[in-house]
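> Please see the structure below; I have some questions.
The values are calculated or read from the model by the stated rules, or taken from the named source; none is laboratory data. Since this is a predicted model, take the numbers as computed values, not measurements. Virtual Cβ from ideal backbone geometry, glycine too; neighbours counted across all protein chains shown.
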Amino acid sequence: MKSSRRTFLISSIGVASALAVSRTAFAADPVKLVESDAMAQSLGYKLDATTVDKAKFPRYAAGQDCGNCSFYQGKPTDAFAGCPMFGGKQVASKGWCNAYNKKA
């Protein structure tokens, strides 16, 4: 009987620990991409698409923003959502980068 109780206690502790760790992982705020990030700079990421230097990035056209890009992993109405171009970091819906690809 002692081994059954011991097994139960050890299992319970393991389950409780796993739940605590998973709660912490889900509770953490996603990382928002900043313009000073090295990858952001290499792709010309701007938090506000209206501030894109059109001379430096001639592909940019008015109306393009992350919210209507095929890589944006949220709804266009979400202020921020993940982007695979930046390792899943959160990008601004109103942002833009040189990897922009219009949603179909």
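> Out of everything in the stretch 78-104 that is part of a strand (DSSP E or B) and surrounded by 16 or more Cβ atoms within 10 Å (Cβ to Cβ), what residue ends up being farthest from the chain's Cα centre (by Cα)?
Pass one, the stretch 78-104, residues part of a strand (DSSP E or B): 80-82, 90-92, 96, 102.
If we keep only those that are surrounded by 16 or more Cβ atoms within 10 Å (Cβ to Cβ) too, we end up with 80-82, 90-92, 96.
Details: 80: 8, 81: 5, 82: 3, 90: 3, 91: 6, 92: 9, 96: 14 Å.
Here the residue is 96.
> Let me ask something else about it. I need the full set of residues from the stretch 34-57 which are among the hydrophobic types (A, V, I, L, M, F, W, C) and free of Cβ contacts under 8 Å to residues at least 24 places away in the same chain, in order please.
Listed by number, the residues that qualify are 34, 38, 55.
> Here's a follow-up. Yes or no: residue 75 under 22 Å from the mean Cα position of the chain (by Cα), of a type in the set (D, E, K, R) and either farther than 30 Å from residue 104 by Cα or at pLDDT 95 or above (or both)? Step through it out loud before you land on a result.
On the way: under 22 Å from the mean Cα position of the chain (by Cα): yes; of a type in the set (D, E, K, R): yes; either farther than 30 Å from residue 104 by Cα or at pLDDT 95 or above (or both): no.
In short, no.
> How many of the residues in the stretch 59-104 are closer than 12 Å to residue 33 by Cα and among the hydroxyl-bearing types (Ser, Thr, Tyr)?
Count: 1.
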